[in-house]
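Below is one structure, written out as structure tokens; comments come after it.
The values are calculated or read from the model by the stated rules, or taken from the named source; none is laboratory data. Since the model is a prediction, treat every value here as computed from it, not as a measurement. Neighbour counts run over all protein chains shown; Cβ positions are idealised from the backbone, glycine included. For the accessible areas, the whole protein counts, side chains as well, though only heavy atoms, and no ligand, DNA or RNA atoms are used. Shrake-Rupley method; radii C 1.70, N 1.55, O 1.52, S 1.80 Å.
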Amino acid sequence: MISYLSRCTIFNRVANFCRNLLIREGKINRELQAASERPVTVSDRSSQEECVTLQSNHQNTCQPSSSVNAQEKGEQENPHSDLPITVISREQHNISRRDISENALKVLYRLNKSGFDAYLVGGGVRDLLLGTKPKDFDIATNATPEQVRKLFRNCRLVGRRFRLAHIMFGPEVIEVATFRGPHEQTDADNEKNQSQQAQSGMLLRDNTFGSIEEDAMRRDFTINSLYYGINDFSLRDYVGGLNDLETGIIRLIGDPETRYREDPVRMLRAIRFASKLNMTISEDTAEPISRLAFLLSHIPAARLFEESLKLLQTGQGYITYKLLREYHLFQPLFPLVERYFTEDNNSPMEHMLNQVLRNTDYRLQHDKRVNPAFLFAAMLWYPLVEHAEKLSQESGLTYYDSFALAMNDILDEQCQSIAIPKRLTTIMRDIWQLQLRLPRRHGKRANKLMEHPKFRAAYDLLELRANVENRNELKDLSHWWGEFQQVNASQQRCMISELGNDVVRRRTRTRRYYKPKLGRDSR
């Protein structure tokens, strides 16, 4: 019995060894076939190192003649681009695995171990090359979303327009996308591998899968189309992204107008990358933006809200705001605010925007917290005040009631272009309403106002208004509240008593008269 079990154990070990050997051989064969079919341009040193690596891993099957053939094929041009494909070896770039998320490495290794091609791609590669810490890591692979889900228990598939796999590692999410292919109209029955396009040119669905070369051409900008392979630590450039990254150029892949019509948000992304990376938008990429700015009206308001946060609350909000106005992209996002712009940029609204965006950038650059509700409250303050005064004059309501109605109207109109969630609009309402209560400081009102959770945000808006409008009463009110927050309780009582007897009277209510009810006996 013991000898029988030992023979079974030996047999299982031999079977596992043969299986692993076959998997390794098949993977090497695929790498050799890909290396021979794909045109790759490398330096003499990198080509020799690659040949030596293949020789050691494949039992010296790489001969000098095949090396010459590979080099000749490497000089061919990509059929999907006018630029040659470039492979940069590990010694020629600064990307290190130490700077890559451990969870992203887990995903890359597991995909490769399962026989799939997997590459780090997008903004993560771009930021690593620039020497900055990436915000997140995206992965591109030839595995379908369903195959990715089978490999990872912590995976969920998201997106209908673009089918993606999100692999959850606690708070960190690694996004895995399948290589995209050319979008074409396909049969309606093939729902999971379908591409649909509206008459305006916008892609409604793009789940057509392809090769890595086709995926490189389907990406938006050249600087985001760089692929880092974990198997050989090389960097692949299919569209000249390395050159644009070195020269500081934001360039769209393909025909700019066609790509903007496919996804109008790419116009906002071009502005964001130009301000974030301190780069220049190429002429052919920038030319159609002003003409096609109206296409942003076709984008869901919820998606534009997320894009607005990336534009204005990432530390370069002021520069981004200037570029948005230059390319006429600010009006589709904030139509209520754009109405107050002047030719000489000297209106109170423009001064308010300049100041609040500079303050937001300063706080973000010094690792301080910011709340988008305050930014939106400051941006929409003057449209709110004007609409409240108009309602008060036309309807005969008190200003307080008109102000409450105006808040609803302004938020409803703004949310048609940018869907500000309720958790933020509630804070915005508190900040706005406190502007009417801050002048009322007598008695216990001042201390009660300071206990309000949004008092500090309301005071910051009051201070902004005082600096922008240059009115003496606003300056005095802002100075009083600033000093009131710094002194102790006894000094606060003295400051309140010094306000004098000019107490703000309460709004009188008209007394209602009710008819006496008739009893049973009086009927």
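Summary of values
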read-out	value
Test: residue in the range 214-223 that is at pLDDT 65 or above and more than 22 Å from E257 (Cα to Cα)	no
The range 360-373: number of residues that are in a helix (DSSP H, G or I) and open to solvent by less than 70 Å² (accessible area, probe 1.4 Å)	5
Complete set of residues in the range 385-420 that are farther than 28 Å from A302 by Cβ and β-branched (V, I, T)	T398
Neighbours by Cβ (under 8 Å, 6+ apart or cross-chain): first from the range 284-302, at positive phi; second of a type in the set (S, T, N, Q) and not in a helix (DSSP H, G or I)	none
Residue match in the range 345-359 (condition: without any contact (Cβ under 8 Å) to a residue 12 or more places away in the chain, over 14 Å from M428 (Cβ atoms) and open to solvent by less than 50 Å² (accessible area, probe 1.4 Å))	yes
The range 139-154, residues that are open to solvent by less than 30 Å² (accessible area, probe 1.4 Å) and in contact with a Lys or Arg (Cβ under 8 Å, 6 or more places away or on another chain)	P145, F152
Condition met for G159 (free of Cβ contacts under 8 Å to residues at least 60 places away in the same chain, out of contact with any strand residue (DSSP E or B) (no Cβ under 8 Å at 6 or more places or on another chain) and not aliphatic (A, V, I, L, M))	yes
Of the criteria (1) modelled with pLDDT of 95 or more; (2) of a type outside the set (D, E, K, R); (3) under 19 Å from the mean Cα position of the chain (by Cα); (4) more than 29 Å from H366 (Cα to Cα), which one P300 fails	(1)
Where a residue in the range 412-430 is over 17 Å from W381 (Cβ atoms) and aliphatic (A, V, I, L, M) and its partner, wherever it lies, is modelled with pLDDT of 95 or more and crowded, with 19+ Cβ neighbours inside 10 Å, with Cβ under 6 Å and at least six apart	A419/F305
Selection count where residues are at pLDDT 60 or above and either on the phi > 0 side of the Ramachandran plot or within 19 Å of the chain's Cα centre (by Cα) (or both), scope the range 148-204	19
Verdict on R251 being basic (K, R), open to solvent by 10 Å² or more (accessible area, probe 1.4 Å) and closer than 16 Å to A216 by Cα	yes
Residues of the range 439-491 that turn out to be surrounded by 18 or more Cβ atoms within 10 Å (Cβ to Cβ) and among the small types (G, A, S), as a count	5
First in the range 363-378 and at pLDDT below 95, second anywhere and in a helix (DSSP H, G or I) and of a type in the set (V, I, T), Cβ under 6 Å, 6 or more apart	V370/T360
Matching residues in the range 119-138 - criterion: being open to solvent by 60 Å² or more (accessible area, probe 1.4 Å) and on the phi < 0 side of the Ramachandran plot	L130, T132, K133, K135, D136
Of all residues in the range 374-424 being more than 28 Å from the chain's Cα centre (by Cα) and not in a helix (DSSP H, G or I), the one that is farthest from L464 (Cα to Cα)	G396
Strands (runs of 3 or more DSSP E) lying entirely in the range 101-186 (those with 1 or more residues that are closer than 26 Å to V239 by Cα)	118-121, 138-141, 164-169, 172-178
Selection from the range 86-99 of residues that are in contact (Cβ under 8 Å) with a residue 40 or more places away in the chain, assigned to a loop (DSSP other than H, G, I, E, B) and closer than 16 Å to G131 by Cβ	H93, I95
